[in-house]
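**Student:** Dropping a structure here in structure tokens format, bear with me for questions.
The numbers here are math on the coordinates, done by the rules we state, and not lab data. The shown structure was predicted, so the numbers you read here are calculated from the model rather than taken from an experiment. A quick note on method: Cβ atoms are made from the backbone with ideal geometry, for glycine too, and the neighbour counts reach across all protein chains shown.
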Amino acid sequence: MAIRQITIVGTGLIGGSFGLALKRRRFPGRIVGCDRDPVLERARTCGAIDDGYSDLGGSVVGSQVVMLATPVLSIIDLIQRLSPALPVRTLLTDVGSTKAAVAEQALKVFGRNAGRRFLAGHPMAGKEQGGVEYADPDLFQGAVWFFTPLPDQNLHQGLFAEFAGWVDQIGARIAVLPPDEHDRLCAWISHLPQMVSTALAATLVDEFGENAPLLPSGGSALQEMTRISASPYSMWRDIAITNRKNLENALFKVEQRLAHIRENLASRQLMDEFERAHKSKRFGSGRKIVDC
């Protein structure tokens with residue numbers, strides 16, 4: 001079954017960027033958005049969608065693929081709400097930042113048919129700004145797009161393969177991981193950096209006040225480390241709730257490392273920490289961290 005229409009539920013930064021990316025790659029079908037009316041108007045104006053509906057049920061009529069591009073707790077709710085309205089041959093997918101809770105909900109709602117009806121996904125792409133106003137057709141270029149298959153799910157057949165083909169065409173690099181492994185990995189490579197940035201920025205506000213001109217005088221290091229502190233709480237609240245155990249573990253280990261550094265500022269062990277940190281440059285050597 002060829003994909004003739006895709007519905008994007010949530011036409012913000014990720015959903016809008018996906019629509020723009022498909023259009024740039026000459027997707028021959030129709031792209032429908034589902035969101036609040038003012039958001040849909042902006043999405044139409046920037047060319048991310050062809051048409052839009054504020055009604056969830058109406059937005060999915062005629063679509064072969066429905067993408068949920070909202071915060072994670074909303075995705076979990078939408079899976080439940082959409083299941084009665086979706087034809088059995090429609091592929092439901094998502095772009096949520098955590099996957100175990102999403103996969104668990106899909107299995108609960110669709111039962112033994114979940115592997116034929118739902119594909120859990122997560123593009124490792126974004127900006128600190130939210131909203132379709134910041135949508136970018138190149139947002140996924142070179143970014144990893146995780147798929148976390150359900151048991152016995154074959155990503156090389158039917159709509160799964162065709163949808164994955166479009167993900168590849170918009171420039172993303174597909175990687176496959178089990179949901180639990182995805183969440184543990186992302187706690188370290190995505191969620192922990194956000195919390196560290198948030199903690200640093202909040203501490204600077206406490207120390208110097210919210211109007212202190214710190215960024216111009218702090219140089220690029222401070223700008224880079226605090227850039228994502230402007231990310232929306234609404235998204236990160238859901239990530240923290242649904243990946244709490246992994247994130248708590250990562251934060252605890254960094255807290256221990258910071259305490260060790262604080263206690264050894266005048267000892268040789270500080271040099272040992274720098275030398276250990278320098279080994280992290282090897283992470284960029286091009287080695288695969290997941291099977292694709």
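**Student:** Could you quote the convex hull projected area for the range 143-292, Cα atoms only and averaged over all directions, in nm²?
**Tutor:** For the range 143-292, the mean projected area of the Cα convex hull comes to 12.3 nm².
**Student:** Here is a further query. Tell me which lysines have Cα within less than 18 Å of K281's Cα, excluding those fewer than 8 residues away on the same chain?
**Tutor:** none
**Student:** So if we plug the beta-carbon distance of M271 and Y233 into 1/(1 + (r/R0)^6) with R0 = 35 Å, what FRET efficiency do we get, rounded to 0.05?
**Tutor:** Approximately 0.40, to the nearest 0.05.
**Student:** May I pose another question? Would you list S54, S231, S59 from fewest to most Cβ contacts within 10 Å?
**Tutor:** Fewest-to-most Cβ neighbours within 10 Å comes out as S54, S231, S59.
**Student:** Mind ranking 142-151, 67-76 by how tightly packed they are, going by the mean number of other C-beta atoms within 10 angstrom, highest first?
**Tutor:** 67-76, 142-151
**Student:** Moving on to the next point. Give the lysines reachable from K127 as a straight Cα distance under 21 Å; neighbours fewer than 8 places away on the same chain don't count.
**Tutor:** K23, K99
**Student:** Please work out the C-alpha center-to-center distance from the range 238-265 to the range 92-135 and express it in whole Å.
**Tutor:** The two parts, judged by their Cα centres, are 26 Å apart.
**Student:** Quick one: net charge around K99, please, counting Lys, Arg +1 and Asp, Glu -1 for every other residue with C-beta under 15 Å from its C-beta.
**Tutor:** So the environment of K99 carries a net charge of -2.
**Student:** Under 5 Å between amide hydrogens, which residues at least 5 positions from A175 or on another chain qualify, with H placed 1.01 Å from N in the peptide plane?
**Tutor:** W145, F146, F147
**Student:** Among (1) 23.6, 78; (2) 20.7, 67; (3) 22.0, 65, find the value of Rg and Dmax of the Cα atoms in Å that was calculated from the structure presented, and write down its label.
**Tutor:** Checked against the structure: label (2).
**Student:** Taking 7 Å along the Cα-to-C-beta vector as the label spot, tell me the K279-R36 distance in nanometres, rounded to one decimal.
**Tutor:** Result: 4.9 nm between the two label points.
**Student:** With a 10 Å Cβ neighbour count serving as the proxy for reagent exposure, in which order, fewest first, do V254, V65 appear?
**Tutor:** V254, V65
**Student:** If the only charges are +1 at each Lys and Arg Cβ and -1 at each Asp and Glu Cβ, what is the size of the charge dipole of the range 5-177 around the Cα centre, to the nearest 20 debye?
**Tutor:** So the magnitude is around 400 debye.
**Student:** What aspartates and glutamates could a cross-link reach from K108, if we take a straight Cα to Cα line under 17 Å and drop same-chain neighbours fewer than 8 places away?
**Tutor:** Within reach: D77, D94, D152, D180.
**Student:** So which DSSP H runs in the chain come out at 20 Å plus along the axis (Cα) with average Kyte-Doolittle of at least 0.0?
**Tutor:** Passing helices, by number: 192-208.
**Student:** Amide H of Q5 versus every other amide H placed in the peptide plane: which residues, excluding those fewer than 5 positions away on the same chain, fall under 5 Å?
**Tutor:** Amide H neighbours of Q5, under 5 Å, 5+ apart: R30, Q64, V65.
**Student:** Another question about this same structure. Among I79, I49, rank each residue by its count of other Cβ atoms within 10 Å, from fewest to most, as a rough exposure measure.
**Tutor:** Fewest-to-most ranking of I79, I49: I79, I49.
**Student:** Sticking with this one: Using a Gaussian network model of the chain with C-alpha springs under 10 Å, which one of K279, K127, K23 is most mobile by mean-square fluctuation?
**Tutor:** Of K279, K127, K23, the most mobile in the Gaussian network model is K279.
**Student:** Note down the nm distance, to one decimal, between modelled labels 7 Å out along Cα→Cβ at F27 and at L107.
**Tutor:** So the two model labels end up 2.9 nm from each other.
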